[in-house]
Amino acid sequence: MKKIQIVRDTVLNQQYAINELYRYNLEEKKTYHIVTFGCQMNEHDSEKMSGLLELCGFEKIDNEEEADVVLFNTCAVRENAELKIYGNIGRIKKIKEKRDVVLGLCGCMMQQKHIIQKIKKSYPYVDIIFGTHNYHELPMYINDVLFKNKKIINLVEDSKALIEDLPVKRKLGVKAYVNIMQGCNNFCTFCIVPHTRGREKSRNYTDVVNEIQELVAEGIKEVTLLGQNVNSYSGGITFAELLEEINKIEGLKRIRFMTSHPKDISDEVINMFGKLDKLCEYLHLPVQSGSDRILKIMNRRYTAENYLEKINKLRNVCPHITFSTDLIIGFPGETEEDVDKTIDLIKKVQYDSAFTFIYSKRVGTPAAKFEDNISEETKHIHFEKMLGELNKIVIEKNSKRVGNIYEVLVESVSKKMIGQGRSRENHLISFEANEYVKAGDIINIKITRARKFSLEGEII
Ligand code: SAM
Ligand code: SF4
């Protein structure tokens, strides 16, 4: 069996747990089901947990009602993601009443003490609770529940080291997420992430490059480098140098990354968009607000003008680059005048897409204590106004794309021969395929029809 490398003090217990579970699953294969909430970081953590569970002999199953191990990888960024979890836990209780199921909760929500107290009190049938720093110990926890009848609550507030060499079971066939760093040092006043994911830690660049080389050998064509703020990468070389190294990997076709904090994207990184052939002409650059007053109290440390300067520099080095962003409406004290400034910035940038959020108060963040004299109703009116303007731009830009030709990396071809993939500029494009087209191919597609938020085309 494959040996895995984990921090020294747990390695023996871990390997023991993996072996025990593997033997247990030899008799009759047990199954697992992971439900993931939140960002790409969480999705990738779930891929790592899947890899570990499969190393222990568990088999992935889509139907949670039949699974022997059910895990919820939670998100704490906004309240509605949190509320969904409670409904999900309640659903598993009914299954647990009929048969044995190991129920585990992990991820960002579980890094918060008040949440753990609530779960202990209101959902005592949860077997395993752990956070974002110890998912590599999952086999040990399951082992303890199954064979020692224990309940596990393991809150590690921050980790000193990053764990390398875990097996990963990835979801997508032609593209993959690659973590280059964990945590965040920025402390935007609205955000819980630095409190749940700890301080920034970068992976060594050789580990990152090796992982991508292995992925390419397995058929991966596109990688998205992940970090809360990739610009502050410090794994032995700068982020721009890391991009250069990855660009040299033979067989790799495309590189993307997220997320970039606007205050930190350097000229060196900006210039890479004009220099590296594999770096796609697309950037996710979260602005949050177009009002300098709000940006200041968000602790974002840039102004709308600084942000627009970066956008202009990027357009100068890479004229076809497209942008997406994150926007928060309803930050404490945000007035209609502030919202209009955000709309003004949206119009200036001409985004191709955006993730739009209504501010959600997070216990433990500075903004949770800010005075807020704006009603929920007003915030919703502001949100709709902003969304209306944003959608107008996105739809209009899409409609002008009919007749354009894009290079598409094919991600799937359905039984009905409908192909789907993304352009280098990140447009979602579907097209009528033929028997020669398969996932992983890179083909040129001419756009024949623009839908609101996607495009249709034909092979040329
Ligand atoms: N590190 C990334 C950055 O700085 O752009 C963002 C990570 S965060 C998980 C993703 C997005 O969630 C943020 O850009 C922000 O728009 C949104 N977000 C974070 N906290 C929020 C809150 N309390 N309420 C509403 N949206 C929030
Ligand atoms: Fe949160 Fe700001 Fe860090 Fe992004 S940069 S994760 S928004 S604190």
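Observations on the structure shown:
- The chain - charge dipole about Cα centre, Lys and Arg +1 at Cβ, Asp and Glu -1, debye rounded to 20: 560
- Set of lysines near residue 275 by C-alpha distance (under 27 Å), chain-local residues within fewer than 8 positions excluded: 175, 221, 248, 253, 263, 310, 313, 348, 397, 446
- Between region 82-149 and region 319-349, the Cα center-to-center distance that results, in Å: 38
- Gyration tensor over alpha-carbon atoms, region 344-415, equivalent ellipsoid semi-axes in Å: 35, 18, 11
- Inter-site label distance for residue 187 and residue 86 at 7 Å from Cα along Cβ, in nm: 3.0
- Put simply, the Cα atoms of region 1-156 extend 42, 36, 27 Å along their principal axes, the longest span coming first.
- Projected label points at residue 456 and residue 356, each 7 Å from Cα along the beta carbon direction, are separated by 2.5 nanometres.
- Extension gain for the segment residue 66 to residue 293, taken as residue separation times 0.36 nm less the Cα-Cα distance, is 76.5 nm to one decimal.
- Taking the C-alpha atoms of region 303-404, convex hull volume expressed per residue in Å³: 111
- Computed from backbone phi, the HN-Hα couplings of region 248-257 come to 7, 5, 5, x, 6, 9, 9, 10, 10, 8 Hz, rounded to whole numbers (Karplus: 6.51 cos²θ - 1.76 cosθ + 1.60, θ = phi - 60°; Gly and Pro given as x).
- 3J(HN,Hα) couplings calculated from phi for region 121-136 with the Karplus curve 6.51 cos²θ - 1.76 cosθ + 1.60 (θ = phi - 60°) are, in sequence order, 6, 9, 10, x, 7, 5, 8, 9, 10, 8, x, 9, 9, 9, 5, 5 Hz; Gly and Pro show x.
- Converting phi to 3J(HN,Hα) with the Karplus coefficients 6.51, -1.76 and 1.60 and the offset θ = phi - 60°, region 66-78 yields 9, 6, 8, 10, 10, 10, 10, 8, 8, 10, 10, 5, 9 Hz in sequence order, with x at every glycine or proline.
- Cα-derived Rg over Rh, computed across the chain with Rh taken as Kirkwood radius: 0.97
- Each 5 Å bin, from zero up to the one with the longest distance, holds this percent of the alpha carbon pairs of region 235-329: 3, 12, 23, 23, 17, 12, 7, 3, 1, 0.
- Charge dipole of region 355-460 (Cα centre as origin; +1 on each Lys and Arg Cβ, -1 on each Asp and Glu Cβ, all else neutral): 40 debye, rounded to the nearest 20.
- In this Cβ point-charge picture (+1 for Lys and Arg, -1 for Asp and Glu), region 190-336 has a dipole of about 260 debye about its Cα centre.
- Full extension of the chain segment joining residue 344 with residue 404 gains 18.8 nm, where the gain is 0.36 nm per residue of separation less the Cα-Cα distance.
- In the chain, a dipole from Cβ-located charges (positive for Lys and Arg, negative for Asp and Glu) runs towards its positive end, and of 364, 304, 227 it is 364 whose Cα lies farthest in that direction.
- Most positive-pole-ward Cα, 445, 427, 167, against dipole of the chain from beta carbon charges: 167
- Here the simple spin-label model places points 7 Å from the Cα toward Cβ, and for residue 19 and residue 316 these points are separated by 6.2 nm.
- Contour excess over end-to-end distance, with Cα ends at residue 97 and residue 79 and 0.36 nm allotted per residue: 3.6 nm
- Checking Cβ-Cβ separations below 4.7 Å across the chain identifies 39, 56, 75, 106, 108, 184, 280, 318 as cysteines lacking any candidate disulfide partner.
- The residue list 260, 87, 56 was ranked by how far each Cα lies along the charge dipole of the chain toward its positive end, using unit charges on Cβ atoms, and 87 comes out on top.
Quick note: the coordinates plus some simple rules give every number you see, no bench work behind them. All values reported here derive from a predicted model rather than from experimental measurement. Because the Cβ atoms are built from the backbone with ideal geometry, glycine has one as well, and the counts that use them run over all protein chains shown.
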